[in-house]
Amino acid sequence: MEVPINKPEKKQNIILEQQKQYLYEFWKNSRMIRNDSVLEAFLEVPRELFVEPSYRDQSYADHPLPIGSGQTISQPTTVILMLQLLDVLPGQRVLEIGTGSGYNAALLAKLVKSTGMVVTLERHSVLAEQASENLRGAGLEEVVVIAGDGKLGYAEMAPYDRIIVTAAADQVPQNLKDQLAVGGFIVAPIGATHGCEMLKLYKTAPDHFQTSSHGLFSFVPLV
Ligand code: SAH
């Protein structure tokens, strides 16, 4: 049986779709995001399923939103820029630290496609449960959500081709470096909560990394 959608909700859905399209075109036309697969993933995942219902109307506003436990879902532009840097390919194994709402994990799942794998770690078990529910709601129950300390990584499913940290740390945890495959990338904001540097580490050999810097951002801390 079809569930009838009431008029105000229908109108809000149209507005959300327009705002989503606006962001997409802004990124594409400004050439800020040149990676088509990242743009496609953005179009495919309904961000409104990952924000708290009271903030639904701001789903495509380009700023962070509260998700409970004092945490936030990151600003869309930041999420998309990080994914572009991460350069995920279909079939890859990806580890995310800081599940939050599960939105970034959903985009990662779209990027690795059905042949890849996404594991995401969240220290707040309440958020981990909510994120699992959000991912199920988006039809992405294949994402592995683990409640635990992301600084330890998740050795059980290592090595990973890509690791993304979505909270600011003083340095990249050694466990994450160890669990990355040679040839893989880690993208992580490093430094103070406000004004941390977005770093990309390329693992060239078991103990060798080439690091590049990609601008300043604000993030909740990795604790
Ligand atoms: N990627 C998220 C937003 C991340 S906000 C999204 O798409 O919604 C950063 C998250 O990192 C928060 O949920 C916070 O609880 C989590 N976090 C902070 N320190 C952590 C740690 N040591 N291990 C795992 N998660 C951590």
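The values are calculated or read from the model by the stated rules, or taken from the named source; none is laboratory data. Values in this document were obtained by computation on a predicted structure and should not be read as measured data. Glycine also receives a Cβ, built like all others from the backbone with ideal geometry; neighbour counts cover every protein chain displayed. Ligands, DNA and RNA are stripped out before the accessible areas are found, and what is left, the full protein with its side chains, is counted by its heavy atoms. Shrake-Rupley method; radii C 1.70, N 1.55, O 1.52, S 1.80 Å.
Computed with a 1.4 Å probe on the full set of protein chains, the accessible area for LEU81 sits at about 50 Å².
Per residue, how much accessible area does the chain have with a 1.4 Å probe, in Å²?
Numbers: 11100 Å² over 223 residues.
Counting only protein heavy atoms, the per-residue value for the chain is 50 Å².
Taking a ≥ b ≥ c as the square roots of the Cα gyration tensor eigenvalues, the range 60-133 comes out oblate, since a/c reaches at least 1.5 and a/b does not exceed b/c. Our coupling estimate for the range 196-212, obtained by passing each phi through the Karplus curve with A = 6.51, B = -1.76, C = 1.60 and θ = phi - 60°, is 7, 9, 7, 9, 10, 10, 10, 7, 8, 7, x, 10, 10, 10, 9, 10, 10 Hz, Gly and Pro reported as x.
Model label points for LYS10 and GLU40, set 7 angstrom from Cα along the Cα-to-Cβ axis, are 3.2 nm apart.
How many times 2.2 N^0.38 Å is the alpha carbon radius of gyration of the chain?
Details: Rg = 17.0 Å, N = 223, 2.2 N^0.38 = 17.2 Å.
Ratio of Cα Rg to 2.2 N^0.38 Å: 0.99.
Note on the chain: antiparallel DSSP beta bridges, both residues inside, total approximately 50 percent of the bridges counted.
Largest mean-square fluctuation among SER30, SER114, SER69, in a Gaussian network model of the chain whose springs join Cα atoms under 10 Å apart, belongs to SER30.
Would you mind calculating the gained length between ASP149 and LYS113 on full extension (0.36 nm times residue separation, minus the Cα-Cα distance), in nm to one decimal?
Values: separation 36, 0.36 × 36 = 12.96 nm, distance 2.62 nm.
That works out to 10.3 nm of additional length.
Spatially close Lys pairs in the chain, defined by Cα atoms under 29 Å apart and a spacing of eight or more places or different chains, total 27. Of all the C-alpha pairs in the range 4-119, what % are more than 25 Å from each other? The calculated P(r) of the range 4-119 puts 24 percent of pairs beyond 25 Å.
Taking the Cα centre of the range 7-218 as origin, sum charge times position over the Cβ atoms of Lys and Arg (+1) and Asp and Glu (-1), and report the length of that vector in debye to the nearest 20.
Working: 19 positive and 24 negative charges, 87 e Å.
Around 420 debye, computed over the range 7-218.
Legend: residues HIS63, HIS208, sorted from most to least accessible area (1.4 Å probe; ligands, DNA and RNA excluded), read HIS208, HIS63.
Under 19 Å from a label point set 7 Å out along the Cα-to-Cβ vector of ALA192, the amide N atoms of the range 207-222 belong to 214-222.
The residues LYS11, LYS113, LYS20, LYS28, sorted by heavy-atom accessible surface at 1.4 Å with ligands and nucleic acids left out, run LYS11, LYS113, LYS28, LYS20 from largest to smallest.
Every helix of 4 or more DSSP H residues in the chain counts as -39500 (n - 2.57), and over all residues that averages to -10000 deg cm²/dmol at 222 nm. Apolar share of the accessible surface for the chain: 53 percent from carbon plus sulfur atoms, 1.4 Å probe. Measuring only protein heavy atoms, the 1.4 Å probe finds GLU129 accessible over about 130 Å². LYS28: net charge of surrounding residues, Cβ under 12 Å, Lys/Arg +1, Asp/Glu -1, itself excluded? Result for the neighbourhood of LYS28: -1. Solvent-accessible surface (1.4 Å probe) assigned to MET117 amounts to roughly 40 Å².
Working out 0.36 nm times the residue gap between GLU156 and VAL223, then minus their Cα-Cα distance, what length gain in nm do you get to one decimal?
Numbers: separation 67, 0.36 × 67 = 24.12 nm, distance 2.17 nm.
Extra length from GLU156 to VAL223 when fully extended: 22.0 nm.
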